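> Could you have a look at this structure, given as structure tokens, before my questions?
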Amino acid sequence: MGQQQLLLIVLGVLIAGMAVYGVNRLYDAQSVEHSRDRVRQEGLLLLQYADEYKSRLKQLGGGGGTYDGFQLPKFFLDEPDIGYWVNGSGEFVQVYACGWGTDAPRGRDGVNPVSVLITRNGTSPLDVATLN
């Protein structure tokens, strides 16, 4: 083999290696954003159930215009890697969703789990805070 052919092979291997590295970095970045979005969406889904409870009449098992008595739906407890906490009273409700366990969705630092705190107070706009 000539020197030019060897040089072209080495150059081809370097270009292929850089392409694989770039795709790997892109995949990792998308994976982190997907984890953050998943925890945020789960928190918003829980808030939707709380709003549904609030708007349902007391005679039908709802809150009758308040969040008093709202409890975490049982199927949220089956989630293996996201923990939930909800606190509702009157017109105020807070939902907290956080990754936990070994398979927990990790934040941008790759170490700490993603956490989301969602607050609704009466008719004020929704406040969503994504931590990490």
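> Just wondering, is there one or more residues in region 72-81 that are closer than 21 Å to Gly122 by Cα, in contact (Cβ under 8 Å) with a residue 12 or more places away in the chain, in contact with a strand residue (DSSP E or B) (Cβ under 8 Å, 6 or more places away or on another chain) and not in a helix (DSSP H, G or I)?
Scanning region 72-81, I find at least one residue that is closer than 21 Å to Gly122 by Cα, in contact (Cβ under 8 Å) with a residue 12 or more places away in the chain, in contact with a strand residue (DSSP E or B) (Cβ under 8 Å, 6 or more places away or on another chain) and not in a helix (DSSP H, G or I), so the answer is yes.
> Output the residue which, of all residues in region 74-132 that are more than 22 Å from Gly62 (Cβ to Cβ) and among the polar types (S, T, N, Q), is surrounded by the fewest Cβ atoms within 10 Å (Cβ to Cβ).
Here the answer is Thr102.
> In region 41-51, is there at least one residue being among the hydrophobic types (A, V, I, L, M, F, W, C) and over 23 Å from the mean Cα position of the chain (by Cα)?
no
> Among the residues of region 87-116, which ones are in contact (Cβ under 8 Å) with a residue 60 or more places away in the chain and aliphatic (A, V, I, L, M)?
Scanning region 87-116 gives Val114, Val116.
> Still on this model: Say we look at region 1-46 and pick out the residues that are of a type in the set (S, T, N, Q) and under 30 Å from Pro113 (Cα atoms); which of these is surrounded by the most Cβ atoms within 10 Å (Cβ to Cβ)?
Among those residues, the one meeting the criterion is Ser35.
> Being over 23 Å from His34 (Cβ atoms), at pLDDT 85 or above and part of a loop (DSSP other than H, G, I, E, B) is the requirement here; does Gly65 meet it?
yes
> Just to verify a result, which residue in region 53-62, among those that are surrounded by 14 or more Cβ atoms within 10 Å (Cβ to Cβ) and either in a loop (DSSP other than H, G, I, E, B) or among the polar types (S, T, N, Q) (or both), is modelled with the highest pLDDT?
Among those that are surrounded by 14 or more Cβ atoms within 10 Å (Cβ to Cβ) and either in a loop (DSSP other than H, G, I, E, B) or among the polar types (S, T, N, Q) (or both), it is Arg56.
> Identify the residue in region 93-125 that is among the β-branched types (Val, Ile, Thr) and within 10 Å of the chain's Cα centre (by Cα) and, among all such residues, is farthest from Gly65 (Cα to Cα).
Ranking the candidates gives Val114 first.
The values are calculated or read from the model by the stated rules, or taken from the named source; none is laboratory data. As the structure is a prediction and not an experimental result, all values here were calculated from the model. Every residue, glycine as well, gets a Cβ built from its backbone with ideal geometry; the counts of neighbours run over all protein chains shown.
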